[in-house]
Amino acid sequence: MSTTSAPREQWASRFGFILAAVGSAVGLGNMWRFPYLTAENGGAAFLVLYILMVALIGLPILLAEFAVGRGAKKSPIPALVHFGGRRWRPLGAFFVLIGFLILSYYSVIAGWVVRYTVEAVTTGFPAEPGAHFGAISTGWSAVLLHLLFMALTVAIVRGGVRGGIERAVVVLMPVLFLIVVGLAVYAATLEGAGAGYAFYLQADFRELLTFKVLNDAAGQAFFSLSLGMGALLTYASYLSRDENLPRESVIIAGSDFAVAFFAGLMVFPIIFALGLSEAVGESTIGALFIGLPEAFNQLGGPGRVVGVLFFAALLVGALTSAISLLEVVASSAIDTLGWSRARAVAVFGAGIALAGIPSALDLTVLGLLDQIVGNVFLVVGALSISLFVGWRMADPAAEVRKGAGSLGWLPAWRAFLRWVVPAFLIFVLFFAIQDSVQAVIAELAGG
Ligand code: PHE
């Protein structure tokens, strides 16, 4: 099949595109990483830093990915070649590699979520969540769950942009919003909610005085917004000309932040209302899969319902993010190898499933991958796309003006992508690399 024989698919509606992009952004990162990062790094002070990071660094890059994707109407590799020439091929390939690697371990965590959701519905939460999690999180049962989740992801992406992805997100995303807001409201009625809010949000500006916090905030922003690896670039490549890209960018970033913020508003009051605050001290994974189920147990009947809803929302978030990760890889195989969608999805879905097995067998592999890919590769990817649109692409502002009209700030956006964003990211990268090297050394010394 030649690469140009079939007309490129398009989203059926603007709403579908927005929900797909929000679906990519909202995921485990929002409900698992964000609340804890905030609580540990100065509460409301971190929140301010994070919002600044999203607005000043995240949004310009988001718009840059949109401009490249919609402008070229191609997946990352040919899109970068379209605007930059063949020398930019490796960057596109790097994006595909990141998608491949993130999905390989993301799907392992999502597999645990599948298990918790099914168990919550059928048998309730385990009496000893700690022992239970220890038993299911690694080993062949974890592999099986990971394969199951990958199969689900493959099944949706196989249906195509309109018939698979869009059909899934227009149903799933509204459900997720309702659950998250509903549970946050429910959590507010619990006695002891105040202590949870205090733990979450009490402002401590001293925490902001370290470089590590900048790195954490930046890494989280990119991971949460799905930036730096071409997911939103790919989704934008299925857009028609007339969408207003800056407006959609703000809606997507705002929704992503709102869900992360509300996740904290539901998680901490529930944990604190039950006096389980010691569970908070553990790892973020521990809190999610051990601390919360313990709380759901203690809440009795309502706890079961709340727990089912919570894990269902988590599952939806994970699934709609996973499909965007697979779509980056699949669309690249379709565009560059000339494969059919069915073949691309089957072959690369199987490849990712295999690559995830080490993470399912050993939590340290999962943790290291998350640290290196999440904090270093995504920052490198974001830096590269910023430089690409800032310096290499001939006239990115012209692409943005289609659908948005002439905007006075577009030259400032370009200047930002040229100077401010790269300078900041190089600075962040320095600490991210240092951190990752230390993590690997500690692992080698300890193991
Ligand atoms: N944004 C997703 C989350 O917060 C993860 C993700 C990263 C998805 C990169 C796609 C690309 O869980």
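Every read-out reported here was derived from the displayed coordinates using simple, explicitly stated rules and does not represent laboratory data. Note that the coordinates shown come from a computational prediction; the quantities given were computed from them, not determined experimentally. Reconstructed Cβ throughout: ideal geometry from the backbone, glycine too, with neighbour counts over all protein chains shown.
Per-residue Cβ neighbour counts within 10 Å put Arg86, Arg14 in the sequence Arg86, Arg14, beginning with the fewest.
Note on Ala131 and Val305: the model spin-label points, each 7 Å out from Cα along the C-beta direction, lie 3.1 nm apart. Take every Cα-Cα pair in the chain and report what % of them are more than 27 Å apart. For the chain, the fraction of Cα-Cα distances above 27 Å is 51 percent. Taking only the Cα atoms of the stretch 346-387, the ratio Rg/Rh comes out at 1.12, with Rh defined as the Kirkwood radius.
The Rg/Rh ratio for the stretch 198-315, using Cα coordinates for both the radius of gyration and the Kirkwood hydrodynamic radius, is 1.06.
Seen against the Cα atoms of the chain and their longest principal axis, helix 211-224 is set at about 70 degrees. With 0.36 nm allotted per residue and the present C-alpha distance subtracted, the Leu361-Trp140 stretch has 78.9 nm of extension available.
Compared with the dominant Cα axis of the chain, that is its longest principal axis, helix 140-158 is turned about 40°. Each label was represented as a point 7 Å from its Cα along the Cα-to-Cβ direction; for Asp242 and Arg343 these points are 3.7 nm apart.
Neighbours of Val345, meaning other residues whose beta-carbon lies under 12 angstrom from its beta-carbon, give a summed charge of +2 when Lys and Arg score +1 and Asp and Glu score -1.
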